[in-house]
Amino acid sequence: MENVELKERFIDERTGIEYIRCKDYYLPNLVMPEENTNYQIGKYGRMKLNYLKNHKKSEYLNLFIDCKLNRYLHEIDIACNDRINAIISKLSKQENITEELKATNQLEWVQAMNNIKNRAEAIVFNEIIYV
């Protein structure tokens, strides 16, 4: 049998995709464009990413292949933070959680604000993250 030398890299002329040899296989050299790697993804963006990977695989793959995943997760993170801040502000006014309470009874203020934050996050999870 003839000994054939395998190339380390080659470009498929039909598709224009570069392939790199990994042991006995050729894998496509897929790299995200530089412009999409500058987005900061916070807690809620990472939660949405995890949800997409585990429950919405086709949506995840479409965003990834179109190089829109990082921007999408960044926008989700911003939307979640904005929505949570709005809910916290509204609920703290409704429940009369003021700076005066913070000055007079810090423990009660922290307890009330943590309660409000947890409720706001639960709302955002159901409205934005887990849909």
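Any chance you could run the full-extension gain for GLU100 through ASN62? It's 0.36 nm times the residue separation minus the Cα-Cα distance, nm to one decimal.
Separation in residues times 0.36 nm, less the Cα-Cα distance, equals 8.7 nm.
Could you list the chymotrypsin sites (Phe, Trp or Tyr not before Pro) in the range 54-131 that lie in coil according to DSSP, counting only those with at most 12 other Cβ atoms within 10 Å of their Cβ?
Details: sites: TYR60, PHE64, TYR72, TRP109, PHE125, TYR130; in loops: TYR130.
Hits after loop and neighbour filter: TYR130.
Counting only protein heavy atoms and using a 1.4 Å probe, what share of the accessible area of the range 8-124 belongs to carbon plus sulfur, as a whole percent?
Numbers: 4290 of 8530 Å².
Its accessible area is 50 percent carbon and sulfur atoms.
Two-decimal Rg/Rh of the chain from alpha-carbon positions, Kirkwood Rh? Please report the intermediate quantities before stating the final value.
Working: Rg = 23.9 Å, Rh = 18.7 Å.
Dividing the radius of gyration by the Kirkwood radius yields 1.28.
Net charge near ILE88, counting Lys/Arg +1 and Asp/Glu -1 over other residues with Cβ under 10 Å of its Cβ? Don't skip to the answer; put the middle values down first.
On the way: positive: ARG83, LYS90, LYS93, LYS117, ARG119; negative: GLU121.
Here the charged neighbours net out to +4.
Hey, if you put +1 on the Cβ of every Lys and Arg and -1 on every Asp and Glu Cβ in the chain, which of LEU52, TYR130, VAL31 ends up farthest toward the positive end of that dipole?
Ranked along the dipole, the leading option is TYR130.
For the cross-link pairs LYS48/LYS68; LYS23/LYS56; LYS43/LYS68; LYS93/LYS117, which exceed 21 Å when the distance is taken from alpha carbon to alpha carbon?
Working: LYS48/LYS68 14 Å; LYS23/LYS56 32 Å; LYS43/LYS68 18 Å; LYS93/LYS117 13 Å.
Result: LYS23/LYS56 exceed 21 Å.
At 30 angstrom or more along the helix axis (alpha-carbon based) and mean Kyte-Doolittle of -1.0 or higher, what helices does the chain contain? Whole DSSP H runs only.
Values: long enough: 69-94 (37 Å, -0.28).
Going by DSSP H runs, the hits are 69-94.
Please calculate how many Å² of accessible area the range 19-131 carries per residue, with a 1.4 Å probe and no DNA, RNA or ligand atoms counted. Can you show the working numbers first?
Working: 7920 Å² over 113 residues.
Here the residues of the range 19-131 average 70 Å² of exposed surface.
Mind checking the range 22-98 for GluC sites (Glu not before Pro) that DSSP puts in a loop (not H, G, I, E or B) and that have at most 15 other Cβ atoms within 10 Å? Could the numbers behind the result be given before it?
On the way: sites: GLU34, GLU35, GLU59, GLU75, GLU95; in loops: GLU95.
Taking the range 22-98 and a limit of 15 other Cβ atoms within 10 Å, the loop GluC sites (Glu not before Pro) found are GLU95.
The values are calculated or read from the model by the stated rules, or taken from the named source; none is laboratory data. These numbers come from a predicted model, not from an experiment. Methodologically, a virtual Cβ is constructed for each residue, glycine included, from the backbone with ideal geometry; neighbour enumeration extends over all protein chains shown. For the accessible areas, the whole protein counts, side chains as well, though only heavy atoms, and no ligand, DNA or RNA atoms are used. Shrake-Rupley method; radii C 1.70, N 1.55, O 1.52, S 1.80 Å.
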